[in-house]
Each structure stands twice: as C-alpha cells, then as structure tokens.
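Notes follow once the structure below has been shown.
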Amino acid sequence: MSPNETSRTSGGGGSRFGDALTPGRIGTAALAVVTPVLVFQNTREIEIRLLVPEVSPPLHLALLATALIAAARGYVTARRRK
C-alpha cells in the first residue's frame, strides 16, 4: 500500500452511510420531492405551439413530460460517463 492510500479499517475511516450522502444524491432527492408538488399544484390549461399545431394540455402534464424527458437525458448522460 502506498503512503497516499488509506485503509477504511484503520484510523476511523468513513462510514458507508456518510459515503452514500453525496451532494449530487442530496440534490436529486430534493428534486424528487419537490417535482411532484410543483407538477400537481399547477393544473390550469395552457397553450403550447409545436411548430405549426397548437395543443392545450393541462400545465401539470406539460411539466411532467418535461421532467421525464430531463430525467431520461440525465440517465443517458450518466451511463455514457461510465
């Protein structure tokens, strides 16, 4: 073992629970809690123009679709990084 490497068992290393709470995971958990609240509190109907046609979905469906697209894109990006 080199001087730069440390063992988890010696010197009171990190715990598994502490390693699981990264800033990215905390942010993701916060978004997972806030997103449904935001989506389902906005129920009025809106107009969206998709190039030529105009659709009038409820705002919560538009927000939900956007969140799902963003989550899928994040998943694909994370998979490519590995």
Q. Give me the Kirkwood hydrodynamic radius of the stretch 16-81 in Å, from all C-alpha pairs, to one decimal place?
A. 14.1 Å
Q. Which of the peptides 34-41, 21-28 is most tightly packed, and how do the rest follow, judged by the mean count of other Cβ atoms within 10 Å per residue?
A. 34-41, 21-28
Q: Search the structure for amide H atoms under 5 Å from the amide H of ILE46, placed 1.01 Å from N in the peptide plane, and list their residues when 5 or more places away or on another chain.
A: LEU59
Q: In whole Hz, with x marking every Gly and Pro, tabulate ³J(HN,Hα) for the stretch 32-45 from phi via Karplus 6.51 cos²θ - 1.76 cosθ + 1.60, θ = phi - 60°.
A: 5, 7, 6, 4, x, 5, 4, 5, 7, 8, 10, 10, 5, 8
Q: In whole Hz, with x marking every Gly and Pro, tabulate ³J(HN,Hα) for the stretch 57-68 from phi via Karplus 6.51 cos²θ - 1.76 cosθ + 1.60, θ = phi - 60°.
A: x, x, 4, 5, 6, 5, 5, 5, 4, 5, 5, 5
Q | Footprinting exposure proxy for LEU51, LEU59 (fewest neighbouring C-beta atoms within 10 Å first) | A | LEU51, LEU59
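Computed from the coordinates by the stated procedures, all read-outs in this text should not be read as laboratory data. Quick caveat, the model's predicted, so the values are computed rather than measured. With ideal geometry, Cβ positions are generated from the backbone for all residues, glycine too; neighbour counts draw on all protein chains shown.
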